[in-house]
Amino acid sequence: MPELTTLASPLDVGGVRIRNRVFLAPMSGITDEPFRQRAHAHGAGLVVSEMVASGELAKGRAGCDLRIRHSGLPVHMVQLAGREAAHMAEGGRIAAGEGADIIDINMGCPAKKVTGGYAGSALMRDLDHALSLIEAVVGAVAVPVTLKMRLGWDESALNAPILARRAEEAGIKMVTVHGRTRCQFYQGKADWRAIARVRQAVSIPVVANGDVGSPQEAAAILEQSGADAVMIGRAHYGAPWIAGSVAAAAAGISAPGISETPRALADYVVAHYEDMLSLYGIESGLRQARKHLGWYLDRHAAGVSAEQRKRVLTSFEPAEVILGLRDALADIGMSNELRSAA
Ligand SMILES: Cc1cc2nc3c(=O)[nH]c(=O)nc-3n(C[C@H](O)[C@H](O)[C@H](O)COP(=O)(O)O)c2cc1C
């Protein structure tokens, strides 16, 4: 069984070199360009765009361009969602034209908005249709195509190993498995051992995902799944450095680039906020940034007063938000978690 140290080594995905095996999970509304830039700078091995609806992309709808545009990182990976083969192929071509080095296909999203449109994890209910989408994308682009899925639709249909094998035969170069079924949404605990059945079914790299947030959990998911890499999502809320700190632990080095003082943490959060305002514009940016600011406060300034919190999370005036953030983060100081990671 692989050990934590294996996560420090590079991984080949269809000829693309990934610098280590601890990845940031795609999270719609969260892992936008400013977030991915930070996760990469902290040492995440791979970062993935938020999912892009291939139908919207193919029709040139506004908003898709920000999701697929090249962020200047060494590996640009774009995730497509959808249910029409022609849209998926066209979406793949557009993303590759924007410089994507890897295209990922989403068959894991449980949201009704997505599954109701028969995309995301709903595709695991009809593997022939799922395969037609995979073949369409693989046939449309020259770059490697990867696949992200769940264990199956529900407990009675744990077909991830079959989908993974068929996907490999169709040319998929890596699969990521979130150890839950669609019907579990995010409830219960991810079943890391069930991912081992996918590992045994294919020879391409398998990435294990679900409920990992520390080096200890990364070691446990590797041990139980036998996977080649680990993907981390929600543990990054208010902490874009988590994948990097797990990768650093795997390499036996201290995590680089983590703010070491309350002042440095405040500067870090303010810079993240300002990057979001410049990407989305002030009106949209300040709304979109609020969830991140809330997470930063929860994680690093849990004792902040309700009034201070409200000021940061409801103001429409960026200068006031920034002042409030500096007050809150500097007053409360650095969380124990950050202190021990630094
Ligand atoms: C808010 C949110 C948005 C997500 N968006 C996507 C997405 O766009 N594409 C995708 O494949 N998975 C998406 N996921 C699933 C995550 O990539 C990941 O599989 C899941 O959160 C389990 O990993 P974790 O326990 O480390 O968070 C999303 C999850 C959350 C919580």
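Mind checking the log10 I(q)/I(0) for the range 252-310 at q = 0.20, 0.21 Å⁻¹? Debye, one equal scatterer per Cα, no solvent, two decimals.
Calculated log10 I(q)/I(0) at the listed q: -0.85, -0.90.
Could you give the accessible area per residue of the chain, probe 1.4 Å, as a whole number in Å²?
39
What is the distance in Å between the Cα centres of the range 87-147 and the range 211-282?
Computed from Cα coordinates, the inter-centre distance equals 27 Å.
Quick one: if the Förster radius is 41 Å, what FRET efficiency do GLU317 and ARG61 give, using the C-beta to C-beta distance and rounding to 0.05? Please list the in-between numbers first.
Details: r = 31 Å, r/R0 = 0.75.
Working from the Cβ atoms, E equals 0.85.
Of the listed peptides 272-280, 17-25, 60-68, what is their order by residue-averaged count of other C-beta atoms within 10 Å, with the highest listed first?
So the peptides 272-280, 17-25, 60-68, ranked by packing, come out 17-25, 272-280, 60-68.
Give me the distance in nm between label points sitting 7 Å out from Cα along the Cα-to-Cβ direction at HIS70 and ILE282, one decimal.
Rounded to a tenth, the inter-label distance reads 3.3 nm.
Sorted by mean Cβ packing within 10 Å, highest first, what order do the peptides 198-204, 98-104 take?
Peptide ranking by packing, descending: 98-104, 198-204.
Order these peptides, 246-252, 293-299, by their mean beta-carbon neighbour count within 10 angstrom, highest first. The partial results should precede the final answer.
Numbers: 246-252: 21.7, 293-299: 18.9.
Ranked by mean Cβ neighbours within 10 Å, highest first: 246-252, 293-299.
Quick one: which of LYS59/LYS310; LYS113/LYS189; LYS148/LYS310 span more than 30 angstrom between C-alpha atoms?
With Cα atoms farther than 30 Å apart: LYS59/LYS310; LYS148/LYS310.
In deg cm²/dmol, rounded to 500, what helix-only [θ] at 222 nm does the chain give when every DSSP H run of at least 4 residues adds -39500 (n - 2.57) and the total is split over its residues?
When only DSSP H runs of four or more count, the value is -13500 deg cm²/dmol.
Count charges around ALA201 for me, please; just the other residues with Cβ under 10 Å from its Cβ, Lys/Arg as +1, Asp/Glu as -1.
+3
Would you kindly give the portion of the calculated P(r) for the chain that falls above 29 Å, as a percent of all Cα pairs? Write out the running numbers ahead of the final one.
Working: 22162 of 58311 pairs.
Result for the distance tail: 38 percent.
Where does the range 208-330 land on the Kirkwood hydrodynamic radius, alpha-carbon pairs, in angstrom? Mind showing how you got there, number by number?
Values: mean 1/r = 0.0634 Å⁻¹.
Across the range 208-330, the inverse of the average 1/r is 15.8 Å.
The values are calculated or read from the model by the stated rules, or taken from the named source; none is laboratory data. Computed from a predicted structure; not experimentally measured. A quick note on method: Cβ atoms are made from the backbone with ideal geometry, for glycine too, and the neighbour counts reach across all protein chains shown. Surface areas here come from the heavy atoms of the whole protein model, side chains and all, with no ligands, DNA or RNA. Shrake-Rupley method; radii C 1.70, N 1.55, O 1.52, S 1.80 Å.
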